[in-house]
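Written below as structure tokens is the structure these notes are about.
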Amino acid sequence: MAEDSSYESMLCVKPEVHVYRIPPRASNRGYRAADWKLDEPAWSGRMKITAKGKMAYIKLEDRNTGELFAQAPVEQYPGCVVESVTDSSRYFVIRIEDGNGRHAFIGLGFADRGDSFDFNVALQDHFKWVKQEGELAKAEASESTAPKLDLRFKEGQTIKISIGNIKKKEAGAKARPMGGGLLPPPPGAKAGGVIPPPEGQQTVSEPTNTAALFDFGSPVPAAQPGSDMWGDFTSAGSNSSKDAVKSGWVQFS
């Protein structure tokens, strides 16, 4: 994100903070709030933390008029601008600037422990965002300078795709058995499903007297013993059944 010098965002507001005069640091071990006159703050008012681009600003203002008392520009956190004391979590040492290059160190205290926690988190979140933005900008810069991979087809270049399962599927479809639940024909039977008579025997049918069959008004003559039109079929059927029994077929009655 490009830095916009005209836009300032609000990160945190605390209505009551206290400012203390602090003695010079006695050792390199850090500041101690017990060395301050905590019951006699030098100033009390409102604190704001704002952000403009990558910079954060700790502003101390009058709670009624909004007049600026002091300001501390923060370039990084943790850093030398904001430092915690060694004996309490509610007090900090901040470095303020007057805008002319001069700076001073003052003690900053919160009446509630939760306010000091919010102060700390607001600065941490802002500079975490600044770090992520810097890493993203570096990644974009490296991608723009790296050569791009050209995956387009060249002129005359073709591609071949081999699919090997189509023939197997077609062969499986052809070998599928016929449905319907029909039993296979007996051995020796033709496609018509009728068992032929034994060799050497022919069925002879005598001509049918169609006039006698269709003449409903005339009496039907009695069948003569020697002229039984169904005799040949009866003999043929009996012979075929005997042959079927001889050939091993089971006769169903």
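For the stretch 33-74, the solvent-accessible area with a 1.4 angstrom probe is 51 square angstrom per residue.
Quote to one decimal, in nm, the extra length available between Ala104 and Lys52 on full extension: 0.36 nm per residue of separation minus the C-alpha distance between them.
Stretched fully, the Ala104-Lys52 segment lengthens by 16.5 nm.
In this rough spin-label picture, where each label sits 7 Å from Cα along the Cβ direction, the Tyr7-Gln124 distance is 2.6 nm.
In order along the stretch 112-126, the Karplus-derived 3J(HN,Hα) couplings, from 6.51 cos²θ - 1.76 cosθ + 1.60 at θ = phi - 60°, round to 10, 5, x, 5, 5, 5, 5, 4, 5, 5, 4, 5, 4, 5, 5 Hz, and Gly and Pro are given as x. Ranking Lys37, Lys48 from most to least accessible surface, computed with a 1.4 Å probe over the protein chains only, gives Lys37, Lys48. Taking one quarter of the surface of the C-alpha convex hull of the stretch 1-159 gives a mean projected area of 15.5 nm².
For the set Lys52/Lys138; Lys14/Lys128; Lys14/Lys138; Lys59/Lys128, the pairs lying more than 29 angstrom apart at their alpha carbons are Lys14/Lys138.
The values are calculated or read from the model by the stated rules, or taken from the named source; none is laboratory data. Because the structure is a prediction, the values reported are computed rather than measured. Virtual Cβ from ideal backbone geometry, glycine too; neighbours counted across all protein chains shown. All accessible areas refer to the heavy atoms of the entire protein, side chains included, with ligands and DNA or RNA removed. Shrake-Rupley method; radii C 1.70, N 1.55, O 1.52, S 1.80 Å.
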